[in-house]
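Asker: Before I ask anything, let me first share the structure, which is written out below as structure tokens.
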Amino acid sequence: MNDGNFYRGVVDTGENGSALVFVSDKQLALLRLATQVYFDATFKVISTIFYQLFTLVAQFADATFPVVFAVMSRKTNAPYTGVFAKVLELVPEFTPTSAMEDFDEASVAAL
């Protein structure tokens, strides 16, 4: 990936868990324009040192694109809140009008 930084830092919430956040400059540009976002967490594709892969997906034109990836150590509200705070730090103009998640209560509560 020749798009500058991809690793954007760690979100550390102490005993409540941590997350490593990844997003490219081009993905940040898509996120700036996004009004509809979707997010999902999966557990089966991640290394055993982490608990889950959290993905934020943005709609652009007639398609959706994964734009933010976070490998998380726990599935609690605090790491989700930290990931969203990191996204807002990277893209202060991020103000989606709608967000959809499949069924993870902690991520919905964090938004």
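The values are calculated or read from the model by the stated rules, or taken from the named source; none is laboratory data. Remember, predicted model here, so these are calculated numbers, not experimental data. Every residue, glycine among them, receives a Cβ derived from its backbone with ideal geometry; neighbour counts consider all protein chains shown.
Asker: Which of the following residues is surrounded by fewer than 16 Cβ atoms within 10 Å (Cβ to Cβ) and at negative phi: Leu33, Leu20, Leu90, Leu56?
Answerer: Within the list Leu33, Leu20, Leu90, Leu56, the selection yields Leu33.
Asker: Let me ask something additional. With respect to Thr55, determine if the residue is at pLDDT below 90 and of a type in the set (Val, Ile, Thr).
Answerer: Taking the combined requirement at face value, the residue does not satisfy it.
Asker: List pairs: first residue in segment 63-81 and within 24 Å of Asp25 (Cβ to Cβ), second residue among the hydroxyl-bearing types (Ser, Thr, Tyr) and not in a loop (DSSP other than H, G, I, E, B) anywhere in the structure, Cβ distance under 6 angstrom, at least six positions apart or on different chains.
Answerer: Taking only residues 6 or more apart or on different chains, the pairs are Pro66/Thr55; Phe69/Thr55; Tyr80/Ser107.
Asker: If the Cβ limit is 8 Å and pairs must be 6+ apart or interchain, which residue in segment 31-56 that is farther than 11 Å from Ala70 by Cβ pairs with which residue that is aliphatic (A, V, I, L, M) and in a loop (DSSP other than H, G, I, E, B)?
Answerer: Here the result reads Leu31/Val23; Leu31/Val91; Arg32/Val91, each pair linking segment 31-56 to a residue that is aliphatic (A, V, I, L, M) and in a loop (DSSP other than H, G, I, E, B).
Asker: Against the conditions (1) modelled with pLDDT of 90 or more; (2) closer than 24 Å to Gly4 by Cβ, where does Gln36 fall short? Just the number, please.
Answerer: Checking Gln36 against (1) modelled with pLDDT of 90 or more; (2) closer than 24 Å to Gly4 by Cβ, the one that fails is (2).
Asker: When segment 32-59 is examined, which residues are found to be more than 24 Å from Arg74 (Cβ to Cβ) and of a type outside the set (Ser, Thr, Tyr)?
Answerer: If the condition is that a residue be more than 24 Å from Arg74 (Cβ to Cβ) and of a type outside the set (Ser, Thr, Tyr), then Arg32, Leu33, Ala34, Gln36, Ala58, Gln59 are the ones that fit.
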